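Reviewing the structure listed below.
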Amino acid sequence: MLPFRSKLPEVGTTIFTVMSQLALEEGAVNLGQGFPDFPMSAGLTEQVSKAMRDGYNQYTHMNGYPLLREQLAEKASELYGTRLDPDTAITITPGGTYAIYTALTTVLHPGDEVIVFEPAYDSYIPNIEINGAIPIRISLRYPDYSIPWEEVREKISTRTRMIMINSPHNPTGSVLREEDILALQKLVSETDILILSDEVYEHLIFDGIPHLSMLRYPDLLERSFVCFSFGKTYHCTGWKLGYCISPPALMREFRKVHQFNVFSCDTPKQVGVAAYMQQEKDWLHLPSFLQQKRDFFRELMKATPFQCIPSHGSYFECYGYGHFSQEPDKEFAIRLTKEYGIATIPVSAFYQNGEDNKVLRFCFAKKEETLTSAVARLANLK
Ligand code: PMP
Ligand code: GLN
């Protein structure tokens, strides 16, 4: 083996792959990795097939199929009241994860500090570190997973380049409120701190709470990369198609990285989504559709000893078990998969310091029969 120095020496295989693989081996119901098990829109798959049949099979524009970017600008204007120039502010990407990585790679220099809240979606910290930058980790307040803004203020230094936020939040389902936006505005005004806002769950938000996108606030948007995923909006996580919105000066730099990484994304899917968006606004029904699933799942879980930590958005709800077992969450999640046949995600996997509040994340974006059969397996749990 030729000697080389790993750029990510501490990183193993993502927990999503680990738990999905175990679920497969054990024949368990998989409420771990976040993906729906119900079908996506047949109208949309038909549009993509049609795009292929119509010959849209070569590279499209490097920044994304123009009609799709126009549709996204229109949607942003309707939902968030922001005016975006599709030519300078929107780039289509192969998924939200890629958009986040590209945004970080666009601006981070070695030694830059990035404030990141834990539990954190598992790609964030490796994405920071591979750029030679330094994650400044702050734990969200357990158990409501709100942001401790006073601690953020204390941790800001002259090297702080960026703050990463994620609302609705994976894995906890917490969402940003007006007071969070005010605190963020106050902290960053008169600094040159940038914001990476991961809004892939923008439409999966419940209880009548509005999604407080960075797109609503011109003073925040002027310093933001805002990342989205079609996978979540259209129940097709396997499509790996998303987009990034940012002000033109930042987007120019983003595209310098993008053009030599992927250049352009899947053409027929972009053409299909653009055509579909002209007829349908699926996102209008998403909050109630997913809230119904959350409520159905929550009701089922009342028959188990787990303690609900209420989710207000995303595909996920977290449940505590510290009152009946002190087993570390990774071991507990593996035992549940092997002995009870239900796979979940241990939330300590989203903390670098191994913080373990004895909490598991369950994905409820499933058919009712899947949820029923999964929770039935917990009937004898002690
Ligand atoms: N951010 C968060 C918080 C997510 O849960 C996901 C879902 N995988 C992504 C980003 C990335 O989405 P995509 O599958 O489009 O890369
Ligand atoms: N976003 C999904 C989750 O949190 C899965 C992403 C992945 O497998 N990389 O479960």
Original post:
From the phi of every residue in the stretch 144-151, what ³J(HN,Hα) in whole Hz does the Karplus formula 6.51 cos²θ - 1.76 cosθ + 1.60 yield, where θ is phi - 60° and glycine or proline is x?
Top reply: 8, 6, 8, 8, x, 4, 5, 5
Original post:
Over the chain, what is the relative contact order in whole percent, taking alpha-carbon pairs under 8 Å and six or more residues apart?
Top reply: 26
Original post:
List the aspartates and glutamates whose alpha-carbon lies under 20 Å from that of LYS358, not counting same-chain residues fewer than 8 positions away?
Top reply: GLU118, ASP122, ASP144, GLU317, GLU327, ASP329, GLU331, GLU339
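Can you order the peptides 36-46, 231-241, 167-177, 307-317 by their average number of other Cβ atoms within 10 Å per residue, highest first? Before the final figure, lay out the partial values.
Numbers: 36-46: 14.6, 231-241: 20.6, 167-177: 25.4, 307-317: 22.7.
Highest to lowest by the protection proxy: 167-177, 307-317, 231-241, 36-46.
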Subject >> Under the Karplus curve 6.51 cos²θ - 1.76 cosθ + 1.60, θ = phi - 60°, whole-Hz ³J(HN,Hα) for the stretch 327-339, x wherever Gly or Pro sits >> reply: 4, x, 5, 5, 5, 4, 5, 5, 5, 4, 5, 6, 8
Subject >> Potential extension, PHE324-ILE209 segment - 0.36 nm per residue separation minus Cα distance >> reply: 38.1 nm
Original post:
For ILE193, ILE15, what's the fewest-to-most ordering of other Cβ within 10 Å of each Cβ?
Top reply: ILE193, ILE15
Original post:
Looking at the square roots a ≥ b ≥ c of the eigenvalues of the Cα gyration tensor of the stretch 268-313, which shape do they give, rounded for a/c under 1.5, prolate if a/b is larger than b/c, or oblate?
Top reply: prolate
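I need the calculated FRET efficiency for the pair ALA376 and GLU10, taking r as the beta carbon distance and R₀ as 35 Å, to the nearest 0.05. All intermediate terms of the calculation are to be shown ahead of the outcome.
Working: r = 39 Å, r/R0 = 1.10.
After rounding to 0.05, the efficiency reads 0.35.
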Subject >> Estimated [θ] at 222 nm from DSSP helical runs (n ≥ 4, -39500 (n - 2.57)) normalised by residues in the chain, nearest 500 >> reply: -11000 deg cm²/dmol
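So how do 147-158, 251-262, 88-99, 65-76 stack up, highest first, on mean other-Cβ count within 10 Å?
Values: 147-158: 13.2, 251-262: 16.0, 88-99: 23.3, 65-76: 19.7.
Final packing ranking: 88-99, 65-76, 251-262, 147-158.
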Subject >> Theoretical FRET efficiency, 1/(1+(r/R0)^6), r = Cβ-Cβ of ASP219 and TYR59, R0 51 Å, to 0.05 >> reply: 0.90
Subject >> Residues of the stretch 98-137 with amide N under 15 Å of the 7 Å Cα→Cβ point at THR158 >> reply: 112-113
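When DSSP assigns beta bridges and you keep just the ones with both residues in the chain, what percent turn out antiparallel, to the nearest 5? Can you show the working numbers first?
Values: 20 of 41 bridges.
So the antiparallel bridges amount to about 50 percent of the total.
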Original post:
With each pseudo-label sitting 7 Å past Cα toward Cβ, what's the GLU331-GLN21 distance in nm, one decimal?
Top reply: 2.2
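Coordinate-derived values only; no laboratory data. Note that the coordinates shown come from a computational prediction; the quantities given were computed from them, not determined experimentally. FYI the Cβ positions are ideal-geometry reconstructions off the backbone, even for glycines, and counts take in every protein chain you see.
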